[in-house]
Amino acid sequence: MTTKWFKAKNYGWGWYPATWHGWVVTLVFVLLIIFSSYRVEANSHFVSDSLLNIIPQNVLLVMLLIAICYKKGERPEWRWRGKRIKF
């Protein structure tokens with residue numbers, strides 16, 4: 001049996017790193033976001049140029065992270081474990 005790199009959150013929807021593999025993926029993701037932002041900013045002359053180039057790259061990186069979390073993590077679902085909601 002393979003170990004899940006990401007565990008489903010107890011409240012809400014999403015994942016968090018559960019093993020060192022998950023932490024490495026998360027760290028690489030953060031470094032790629034920072035690197036791509038600096039690279040785009042260095043080549044842009046206007047704020048609109050920066051935004052038009054940074055947003056698609058960051059969306060692509062987020063989609064890649066979500067795909068890795070789906071592949072290597074638990075099945076995500078909206079959760080409210082142990083919490084009673086009164087209306």
- Looking at segment 1-36, which of its residues are more than 16 Å from the chain's Cα centre (by Cα) and over 11 Å from K72 (Cα atoms)? M1, N10, Y11
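Being surrounded by fewer than 17 Cβ atoms within 10 Å (Cβ to Cβ) and of a type outside the set (S, T, N, Q) is the filter here, so list the residues in segment 16-30 that pass it.
The answer is Y16, W20, H21, W23, V24, L27, V28, F29, V30.
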- Task: Check segment 4-25 and report whether any residue there is touching a residue at least 60 places away in the same chain (Cβ under 8 Å), at negative phi and of a type in the set (S, T, N, Q).
- Result: yes
- Message: Looking at L51, L32, can you tell me which residue is of a type outside the set (S, T, N, Q) and at pLDDT 95 or above?
- Response: L32
- Taking segment 73-87 and the residues there that are over 13 Å from the mean Cα position of the chain (by Cα) and at pLDDT 70 or above, the one that is surrounded by the most Cβ atoms within 10 Å (Cβ to Cβ) would be P76
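The values are calculated or read from the model by the stated rules, or taken from the named source; none is laboratory data. Computed from a predicted structure; not experimentally measured. When we count neighbours, we look across all protein chains shown, and the Cβ atoms used for this are built from the backbone with ideal geometry, even at glycine.
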